[in-house]
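S.K.: Submitted below is the structure of interest, expressed as structure tokens.
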Amino acid sequence: MKKITKQTYLDWYKDMLFWRKFEDKLASVYIQQKVRGFLHLYNGQEAILAGALHAMDLTKDKMITAYRNHVQPIGMGEDPKKVMAELYGKVTGTSKGMGGSMHIFSKEFRFYGGHGIVGGQIPLGAGLAFADKYFGSGGVTLTCFGDGAARQGSLHEAFNLAMLWKLPVIFICENNGYAMGTSVERTANHTDIWKLGLGYEMPCGPVDAMNPIKVAEAVDEALERARRGDGPTFLEMKTYRYRGHSMSDAQHYRTKDEVEEYKKIDPITQVKDIILEKGYATEEEISVIDKEVKRMVKECEKFAEDSPYPETQQLYDMVYEQEDYPFIS
């Protein structure tokens, strides 16, 4: 694995803080009805993305996830201004305003969504990995899903074929404890989701996903296994989300004290503490990063606000048309 250096910690701090503040801004404009539909935020789970990106080869590795999907494409290299514009439904967005919050997509940066069907992306991730193996690209697909999706039958079908064909895929369950609003304890007679991999003799295990170092180490090992041709790995990333399932979630299933308890091990705070302890930056230098992040978020908001909505004609441009279709006279 690439060495974790002073610069790594500084980059992690800036990136995770930016992702957090980017989504805080989305929550704010959602209340103003500038972003419509559903909005699922990643607050608290940022260490998963930060750690994974450190281990990945962004020139060939892919990522696919569910609808909590705004910051992943940014991490993969997509312009955050375009991501925010997409959430606004503007023509300058990643899908020209046609995808919205739940369907962010960036083929250029190998981010394949953004899927609204719970667990729907799990077999698709295996399919992307099949393509990499078939064409010999050397890439690995990180297939992310929540603890709720781990209860879907499609997971077992994908696990079975991934092991049978030794596909270069890493299945990542981002276990934030509550799925849509039901605790893990109430969805099955077992709480160690990673053990589902044992039934397929798939290497699997739990990861402290509030710590980007632990995530990077686990993902790196899984990547090496996949690149050797030894097949998939299943990692249960034990994390926590501070906000509700979506912006419309009243969160009656947990207490405010529980949320505050988890904030004591916040990934951004953990990284900041290491930076200060090791003397990688002073409080003053960190405040400079904070101000830069604030400026970047404001820049994204302005871009989205100033961008135009799509013309009506675009609706028809997005529909597939076959000119020589033989079944219409």
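The values are calculated or read from the model by the stated rules, or taken from the named source; none is laboratory data. Keep in mind it's a predicted model, so treat the numbers as computed, not measured. Using ideal geometry, Cβ is built from the backbone for each residue, glycine included, and neighbour counts are taken over all protein chains shown. The area values use the complete protein model at the heavy-atom level, side chains included, leaving out ligands, DNA and RNA. Shrake-Rupley method; radii C 1.70, N 1.55, O 1.52, S 1.80 Å.
S.K.: According to the Cα gyration tensor, what semi-axes, each the square root of 5 times an eigenvalue, does the equivalent ellipsoid of the chain have, listed from largest to smallest in whole Å?
M.R.: 29, 28, 21
S.K.: Separate question: Determine the order of Lys14, Lys264 by accessible area, beginning with the largest, at a probe radius of 1.4 Å.
M.R.: Order by accessible area, largest first: Lys264, Lys14.
S.K.: Rolling a 1.4 angstrom probe over the protein chains, ignoring ligands and nucleic acids, what is the accessible area of Thr59 in square angstrom, nearest 10?
M.R.: About 110 Å², ignoring ligands and nucleic acids.
S.K.: Let me check against my output: what whole-number percent is the relative contact order of segment 29-103, with C-alpha pairs under 8 Å and at least 6 apart?
M.R.: RCO, segment 29-103: 31 percent.
S.K.: From largest accessible area down, sort Asp266, Asp317, Asp220; use a 1.4 Å probe on the protein chains.
M.R.: Result of the area sort, largest leading: Asp317, Asp220, Asp266.
S.K.: I would also like to ask the following. Hey, what does the equivalent ellipsoid look like for segment 10-84, semi-axes from the Cα gyration tensor as sqrt of 5 times each eigenvalue, largest first, whole Å?
M.R.: Gyration-tensor ellipsoid for segment 10-84: 22, 13, 11 Å.
S.K.: Same structure, new question: Can you send over the solvent-accessible area of Tyr112, 1.4 Å probe, protein chains only, in Å² to the nearest 10?
M.R.: Accessible area of Tyr112: about 50 Å².
S.K.: Mind pulling the per residue volume of the convex hull built on the Cα atoms of segment 179-234? Å³ is fine.
M.R.: Taking the convex hull of the Cα positions in segment 179-234, it is 95 Å³ per residue.
S.K.: How would you order 121-129, 283-291 from highest to lowest mean count of nearby Cβ atoms within 10 Å?
M.R.: Result, highest mean Cβ count within 10 Å first: 121-129, 283-291.
S.K.: Which residue, Gln251, Gln314, Gln152, tops the fluctuation ranking in a GNM of the chain built on C-alpha contacts under 10 Å?
M.R.: Gln314
S.K.: Once you order the gyration tensor axes a ≥ b ≥ c over the Cα atoms, which shape class does segment 28-139 get: rounded for a/c under 1.5, otherwise prolate or oblate by comparing a/b with b/c?
M.R.: prolate
S.K.: Considering only protein heavy atoms, what per residue accessible area in square angstrom results for segment 1-108 with a 1.4 angstrom probe?
M.R.: 36
S.K.: To continue, here is another question. Give the ranking of Arg110, Arg20 by solvent-accessible surface, highest area first, calculated with a 1.4 Å probe.
M.R.: Descending accessible area places them as Arg110, Arg20.
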